[in-house]
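Quick one: the structure is below, questions incoming.
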Amino acid sequence: MDRVSVAIDQWRRECPELELLPMELTARLGAVSRHITQDYLEPFFNERGVQPREFDVLATLRRAGEPYALTPTQLFKVLMFSSGGMTNQLDRLEKAGLIARRPNPDDRRSMLVTLTAAGLELVDSTLAPHVDNEARALSPLSDEEQRTLNALLAKLMKGLEADV
């Protein structure tokens with residue numbers, strides 16, 4: 001039995017009148033997220049000298065296509081960071097030489113964040129091993145189970161995002 005099962009069994013004993021499936025599901029989602037982050041993502045990115053959220057910024061710029069540039073507001077909306085968190089990420093990435101900030105030619109009041117050659121190389125050399133690492137994390141599930149879970153989580157996300 002995993003930790004969530006132990007806790008839920010204890011709650012069922014103490015509060016048998018409660019339907020605990022929502023608690024069990026949210027606890028499992030949180031535990032799975034923590035495991036994947038701590039056991040797979042953080043070690044993987046630490047070996048490459050970046051944090052997972054920093055890689056998210058770089059990857060977002062890369063998948064935007066050439067010229068690999070977005071405004072901080074566009075990054076903020078896509079990545080759902082706080083504005084202060086985004087500024088901190090950008091400061092660290094700029095200091096590491098992975099991004100550059102330059103004036104936005106379409107709007108004098110804003111800046112563009114662009115991938116540098118080093119940032120582009122980091123993303124391109126890291127992406128395939130990153131996907132393989134995620135596949136290892138999900139390997140207890142068959143391909144069919146992964147597709148089913150993906151569809152269910154997409155449905156859940158759509159419902160949660162509609163509520164906001």
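Name the long-range amide H neighbours of Thr116: under 5 Å, sequence gap of 5 or more, or other chain; modelled H, no Pro or chain starts.
Ile99, Ala100
Report the gain in length on full extension from Asn133 to Glu19: 0.36 nm times residue separation, minus Cα-Cα distance, nm rounded to one decimal.
Gain on extension, Asn133 to Glu19, equals 37.4 nm.
Rolling a 1.4 Å sphere over the protein heavy atoms, what is the accessible area per residue of the range 1-72, to the nearest Å²?
On a per-residue basis, 66 Å².
Ok, one more. For the chain, rounded, prolate or oblate, judged on the Cα gyration tensor with a ≥ b ≥ c (square roots of eigenvalues), a/c < 1.5 rounded, else prolate if a/b > b/c?
Note, shape of the chain comes out prolate.
Counting only protein heavy atoms and a 1.4 Å probe, tell me what percentage of the chain's accessible area is made up of carbon and sulfur.
56 percent
So, one more: I want to verify the translational diffusion coefficient of the range 51-139 in µm²/s; compute it with Stokes-Einstein, Rh as the Kirkwood radius over Cα pairs, at 37 °C and 0.692 mPa s.
Working: Rh = 13.5 Å.
Value of D from the Cα-based Kirkwood radius: 244 µm²/s.
Note down the relative contact order for the chain as a percent, whole number, built from C-alpha pairs under 8 angstrom at least six residues apart.
18 percent
Of the candidates Arg101, Arg12, Arg28, which one comes out as most mobile in a Gaussian network treatment of the chain with C-alpha springs shorter than 10 Å?
Arg12
If you stretched the chain out fully between Glu94 and Arg108, how much longer would it get, using 0.36 nm times the residue separation minus the C-alpha to C-alpha distance?
Gain on extension, Glu94 to Arg108, equals 3.0 nm.
Per 0.36 nm of contour for each residue apart, how much would the distance between Ala154 and Glu66 grow if the chain were fully extended, relative to their Cα-Cα spacing?
Stretched fully, the Ala154-Glu66 segment lengthens by 28.8 nm.
Mean-square fluctuation check for the chain, GNM, Cα pairs under 10 Å: which of Glu42, Glu144, Glu121 is largest?
The residue with the greatest mean-square fluctuation here is Glu144.
What distance in nm lies between label points placed 7 Å from Cα along the C-beta direction at Arg48 and Arg28?
3.0 nm
OK, next. What is the Cα centroid distance between the range 1-67 and the range 138-153, reported in whole angstrom?
Result: 15 Å between the Cα centres.
The values are calculated or read from the model by the stated rules, or taken from the named source; none is laboratory data. A quick note: this is a predicted structure, and the numbers were derived from the prediction, not measured. Quick reminder, even Gly has a Cβ in these numbers, built from the backbone with ideal geometry, and neighbours come from all protein chains shown. What goes into the accessible areas is simple: the full protein's heavy atoms, side chains included, and nothing from ligands, DNA or RNA. Shrake-Rupley method; radii C 1.70, N 1.55, O 1.52, S 1.80 Å.
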